[in-house]
Amino acid sequence: MTGQPPRRAAELLGQARRVVVFTGAGMSAESGVPTFRDALTGLWQRYDAQALATPEAFRADPALVWGWYEWRRHAVRLAHPNAGHRAVAAIQHRAPGTVLITQNVDDLHERAGSPDPVHLHGSLFAPRCASCARPAPVSDDAEGEPVDGRRVPPPRCAHCAAPVRPGVVWFGEALPGAALEAAVEAASSCDLLLTVGTSGLVYPAAEIPQVAARLGAAVVQVNPEETPLDGIAEVNLRGPAARVLPALVDAVWGGADG
Ligand code: OAD
């Protein structure tokens with residue numbers, strides 16, 4: 001897609017009364033945060049998810065797992081929100097009541113001005129005790145570059161001395177109940193769902209756009225590649241989020257032609 005987004009996408013966004021924006025790793029790709037499944041650059045192309053993103057992995061080698069998430073958190077701290085994140089915040093401003101649901105564990109939506117995204121897969125900034133689940137403080141990042149591959153023993157819980165774990169959802173774990181409930185509720189009652197930068201392969205999160213479509217909402221997808229969500233999307237905007245989303249916002253509210 002080049003230039004202005006198709007008129008239909010702008011019409012749908014301009015007319016919608018209840019909007020849901022559903023985002024995945026592609027949203028943050030242009031901020032330099034790697035996705036999971038893109039060829040060559042995706043984290044799961046370079047790292048073994050079973051050794052880093054499961055409860056079994058943390059039990060077997062807590063320092064390996066904690067060190068990897070510390071590296072990712074430090075890298076996110078050094079990244080900046082991109083024009084796509086800012087466009088999502090603009091949609092929330094222009095269409096009050098818009099619910100932002102993200103699978104991302106970074107904080108780039110918040111830093112772009114989006115209040116209170118629903119974090120379906122948790123957050124790099126919400127570590128908690130692996131035993132009593134009490135929140136634990138986020139450690140200060142050391143100066144300098146994040147170090148990939150460094151083993152870092154996890155801190156101990158101040159209350160029960162068990163190891164602290166990353167506050168993200170691992171493979172084989174349930175999604176946080178309140179977040180999933182809020183996401184299903186929003187998807188069930190929206191009239192437009194804008195899905196951005198997700199492969200739509202990880203369940204139950206990938207159900208969210210499908211719930212919206214089943215209940216009659218229009219789905220607009222932003223992704224440079226084909227995904228399993230193509231079939232339910234009324235409009236597929238093939239391009240990077242940081243280019244497509246500002247153009248869409250401009251087409252609806254910026255007085256641009258289209
Ligand atoms: P994936 O890595 O599976 O998919 C990223 C999607 O972003 C792909 O469809 C890309 O084509 C698209 N993409 C890449 N660059 C883009 C850009 N600049 N603009 C728009 N789209 C772009 O990431 P997710 O779908 O988010 O789970 O993955 C879902 C979950 O799988 C993640 O939340 C994570 C992972 O395992 C947990 O951490 C629990």
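Just so you know, all these numbers are worked out from the coordinates, no wet-lab data involved. Source: prediction; values computed, not measured. Cβ coordinates were reconstructed from backbone atoms using ideal geometry, including for glycine residues, and neighbour counts include every protein chain displayed.
Applying the Karplus parametrisation 6.51 cos²θ - 1.76 cosθ + 1.60 with θ = phi - 60° to the phi angles of the range 205-219, what ³J(HN,Hα) value in whole Hz is obtained for each residue in order, glycine and proline being reported as x?
3, 5, 5, 4, x, 5, 4, 4, 5, 4, 8, x, 6, 7, 10
Which cross-chain or sequence-distant (5 or more) residues have an amide H under 5 Å from the amide H of residue 18, H modelled 1.01 Å from N in plane?
Hits under the 5 Å cutoff: 191, 192.
Taking each pair of different alpha-carbon atoms in the range 117-258 once, compute 1/r for the pair, average those values, and report the inverse of that mean as the Kirkwood hydrodynamic radius in Å to one decimal.
By the Kirkwood definition, the hydrodynamic radius is 18.1 Å.
Name the long-range amide H neighbours of residue 129: under 5 Å, sequence gap of 5 or more, or other chain; modelled H, no Pro or chain starts.
Amide H to amide H, under 5 Å and 5 or more residues apart or across chains, residue 129 pairs with 134, 136, 165.
Could you derive backbone 3J(HN,Hα) for the range 66-78 from the dihedral phi with the Karplus parameters 6.51, -1.76 and 1.60 (θ = phi - 60°), listing whole Hz in sequence and x where the residue is Gly or Pro?
Calculated HN-Hα couplings, in order: 4, x, 5, 6, 5, 4, 5, 5, 4, 5, 5, 4, 7 Hz.
Calculate, axis by axis, the spread of Cα positions in the range 101-150 along the three principal axes, and write the results as whole Å, longest axis first.
Answer, in whole Å and largest first: 31, 31, 18 Å.
Between Rg and the Kirkwood Rh of the range 49-98, both from Cα atoms, what is the Rg to Rh ratio?
Rounded to two decimals, Rg/Rh equals 1.27.
Tilt of helix 83-94 relative to the longest C-alpha principal axis of the chain, in degrees (0 to 90, nearest 10)?
It is inclined by approximately 60 degrees.
What are the radius of gyration and Dmax of the range 177-220, computed over its Cα atoms and given in Å?
9.8, 26
Quick check: Cα centre of the range 68-82 to Cα centre of the range 217-248, how many Å?
Between the Cα centre of the range 68-82 and that of the range 217-248, the gap is 26 Å.
Length gain on complete extension for the stretch residue 162 to residue 126, per 0.36 nm per residue less the alpha carbon to alpha carbon distance?
Full extension from residue 162 to residue 126 adds 11.3 nm.
Helix-only mean residue ellipticity at 222 nm, the chain, DSSP H runs n ≥ 4 weighted -39,500 (n - 2.57), per residue, nearest 500. What is it?
That calculation yields -10000 deg cm²/dmol at 222 nm.
Between the DSSP loop rule and a limit of at most 14 other Cβ atoms within 10 Å, which GluC sites (Glu not before Pro) in the range 164-258 are left?
Those satisfying the criteria are 173, 225, 226, 234.
Quick one: order 250, 106 by neighbouring beta-carbon count within 10 Å, fewest to most.
Going from least to most buried by this count: 250, 106.
Simple spin-label model, 7 Å along Cα-to-Cβ: residue 150 to residue 230 in nm?
4.3 nm
With a point put 7 Å past each Cα toward its Cβ, work out how far residue 94 is from residue 111 in nm, to one decimal.
2.5 nm
With a ≥ b ≥ c the root eigenvalues of the C-alpha gyration tensor of the range 1-87, is it rounded (a/c under 1.5), prolate (a/b larger than b/c) or oblate?
prolate
If eta is 0.692 mPa s and T is 37 °C, what Stokes-Einstein diffusion coefficient results for the range 60-182, Kirkwood Rh from Cα pairs, in µm²/s?
For these conditions, the coefficient is 209 µm²/s.
If the viscosity is 1.567 mPa s and the temperature 4 °C, what translational diffusion coefficient in µm²/s does Stokes-Einstein give for the chain when Rh comes from Kirkwood over Cα pairs?
It diffuses with D of about 68 µm²/s by this estimate.
Over all directions, what mean area does the Cα convex hull of the range 175-258 project, stated in square nanometres?
6.0 nm²
Test of understanding: given the chain, find the longest segment containing no trypsin sites (Lys or Arg not before Pro) that are in a DSSP loop and have at most 14 other Cβ atoms within 10 Å.
So the longest stretch without any such site is 18-149.
Find out how many positive minus negative residues lie around residue 243, taking Lys and Arg as positive, Asp and Glu as negative, among other residues whose Cβ is under 13 Å from that of residue 243.
Neighbour charge sum, excluding residue 243 itself: 0.
Which far-off residues, 5 or more places away or on another chain, put their amide H under 5 Å from the one on residue 122, with H placed in the peptide plane?
For residue 122, the qualifying residues are 169.
Would you mind counting up the charge near residue 189? Only other residues with Cβ under 12 Å from its Cβ, with Lys and Arg at +1 and Asp and Glu at -1.
Neighbour charge sum, excluding residue 189 itself: 0.
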